[in-house]
Amino acid sequence: MLGKEAFRTRNRSVRRLTKKLHRIALRKGEKAAEELKEAYRHLVRITRASLAQAGRVAGALRERAEVRSQRLADKLFHFVALVEQGIDQAVRRVLREEQLPAAEKVLSLFEEHTMIITRRKVGKPREFGRKVLIDEVEGGIISRYEVLSEAGREHPHLPESIEGHRERFGKAPELLTADRGVYSKANEETAKKAGIRRVALPQSGRPTKKRKEYEKQRWFRRAFAFRAGVEGRISVLRRKYALERCPYHGEDGMGRWVGWGIVVHNLSKISEKQAAQQGC
């Protein structure tokens, strides 16, 4: 049996400390940096105490014969390992000022598949979540989507998009356009070999004079305007079809939530088209 101490909560102390950490993080200078380290040391002490509690409770549950107790013990031990990794991460990154690779970081205890997404936007240089690649065809219908397994650039996935379009429609598209993250010389060549007549992938970096002339062509600029519409579609998916935040758990849950959101979006677009044709 475990006494009351094993179930003592430290939530109030953690809430106060996290608010303090947030206030200190907004300040600059050596004094603020030292105060931040001291606050982290305090947080690590509290977390280690909670971790010891969890270990005692999990050990007591493991001694029980019930299946439910064993399952709960397994879950506790699972989270204990993650919290230990989080403590090590905080000590190394903040207290020792080490640079940790993104792959070694624990970003969420409950959604371990969460990734760091570099946005390169003022005020939001980084976000936490998953990248979703969508393929859109004429009429605003999303023909394919993929929750990417990494948070890097999108250009390695273009061949899969082309092949996916060919499977669904029996032929390659007449025109292909995407944002700069999809551009590469190899992708342009792959698209042309696939039979795509017009490829409008704006080049990243500083273009040559010949490239500038290529991208100034009227058809290229029209295609790029279509790509801008796709960016608007992404915004609509986030706001109107609830893809900004996923309430399902796990990687499979993320895939289901995104998929259902896109299905509803497509049904809405089809309904709008039919209503317009019937004069409703």
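Every number in this text was worked out from the coordinates using simple rules, so none of it is lab data. Please read these numbers as outputs of a predicted model, since none were measured by experiment. Cβ atoms come from the backbone with ideal geometry, glycine included; neighbour counts cover every protein chain shown.
Every Cα-Cα pair in the range 53-153 was counted, and those over 24 Å apart are 50% of them. Going by alpha carbons, how many degrees (0 to 90, nearest 10) lie between the helix axis of 11-25 and the longest principal axis of the chain? It is inclined by approximately 60 degrees.
The GluC sites (Glu not before Pro) found in the range 199-280 that occupy coil by DSSP, while having at most 15 further C-beta atoms within 10 Å, are GLU244.
In the chain, helical runs assigned H by DSSP with n ≥ 4 each contribute -39500 (n - 2.57); averaged across all residues and rounded to the nearest 500, the mean residue ellipticity at 222 nm is -18500 deg cm²/dmol. Placing a pseudo-label 7 Å from each Cα along the Cα-to-Cβ vector at VAL236 and VAL91 gives an inter-label distance of 5.2 nm. Helix 158-169 and the long axis of the chain differ in direction by around 60°, with both axes built from C-alpha atoms. Shape annotation for the range 226-276: C-alpha extents along the principal axes are 39, 23, 14 Å, from largest to smallest.
In plain terms, the chain from LYS37 to GLN274 could stretch by 79.2 nm, reckoned as 0.36 nm per residue minus the Cα-Cα distance. The alpha-carbon positions of the range 126-277 define a convex hull whose volume is 132 Å³ per residue. Work out, in µm²/s and without decimals, the Stokes-Einstein translational diffusion coefficient of the range 4-104 at 20 °C, 1.002 mPa s, Rh from Kirkwood over C-alpha pairs. Translational diffusion coefficient: 139 µm²/s.
Each residue of the range 236-243 was assigned a 3J(HN,Hα) from its phi angle through the Karplus curve 6.51 cos²θ - 1.76 cosθ + 1.60 (θ = phi - 60°); the sequence is 5, 4, 5, 8, 8, 10, 6, 8 Hz, with glycine and proline shown as x. Between GLU174 and GLU189, the simple label model (points 7 Å from Cα in the Cβ direction) yields a spacing of 2.8 nm. Here the Karplus relation 6.51 cos²θ - 1.76 cosθ + 1.60, evaluated at θ = phi - 60°, turns the backbone of the range 99-112 into coupling constants of 8, 9, x, 4, 5, 8, 8, 8, 9, 7, 6, 9, 10, 5 Hz, with x for every Gly and Pro. With K and R counted +1 and D and E -1, the other residues having a Cβ less than 14 Å from that of GLY279 yield a net charge of 0.
Reported value for the range 74-212: 177 Å³ per residue, from the convex hull of its C-alpha atoms.
Identify, among TYR145, THR208, HIS165, the residue whose Cα sits farthest towards the positive end of the charge dipole of the range 117-213, taking +1 on the Cβ of Lys and Arg and -1 on the Cβ of Asp and Glu, with the dipole about the Cα centre. Projecting each Cα onto the dipole axis, the largest value belongs to THR208. Solvent-free Debye calculation, one equal scatterer per alpha-carbon of the chain: log10 I(q)/I(0) at 0.10 Å⁻¹ equals -0.77. With each label modelled as a point 7 angstrom along the Cα→C-beta vector, the LYS19-HIS113 pair spans 3.6 nm. Once each of the trypsin sites (Lys or Arg not before Pro) sitting in a DSSP loop with at most 13 other beta-carbon atoms within 10 Å is removed, the chain keeps 97-170 as its longest stretch.
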